[in-house]
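This structure is in structure tokens; I'll ask about it shortly.
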Amino acid sequence: LLQETDLILTFNISMHRSWWMENGPGCTVTSVTPAPDWAPEDHRYITVSGCFLEYQYIEVAHSSLQIFLALVGFIYACYVVKCITEEEDS
């Protein structure tokens, strides 16, 4: 995997891009016309400029937040199960 390619984590079988690439903070999306011959007809060919942060950093922060919330939820669920089990014992 190379960071410079647009086909990250798709095993080069898809032209799908990251949602954050086009919708990041401050990003300006410009359609390129005419699209190159190799571009599929059902996909937009665009350029993205003016982003405050690169989309890779936003994706890492987003994933980190999801992992943190999952960990907090798991710990809280264990606490709730512990409280319920202690309540049934008494």
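Output the residue which, of all residues in region 12-24 that are open to solvent by 60 Å² or more (accessible area, probe 1.4 Å) and modelled with pLDDT of 80 or more, is farthest from residue 50 (Cα to Cα).
19
Still on this model: Kindly indicate the residue of region 43-70 that is open to solvent by 100 Å² or more (accessible area, probe 1.4 Å) and of a type in the set (A, V, I, L, M) and also farthest from residue 33 (Cα to Cα) among those meeting that condition.
Here the answer is 69.
The values are calculated or read from the model by the stated rules, or taken from the named source; none is laboratory data. Only a predicted model underlies this, so the values are computations on that prediction, with no experimental measurement involved. Just so you know, the surface numbers come from the protein's heavy atoms only, side chains and all, with ligands and any DNA or RNA stripped out. Shrake-Rupley method; radii C 1.70, N 1.55, O 1.52, S 1.80 Å.
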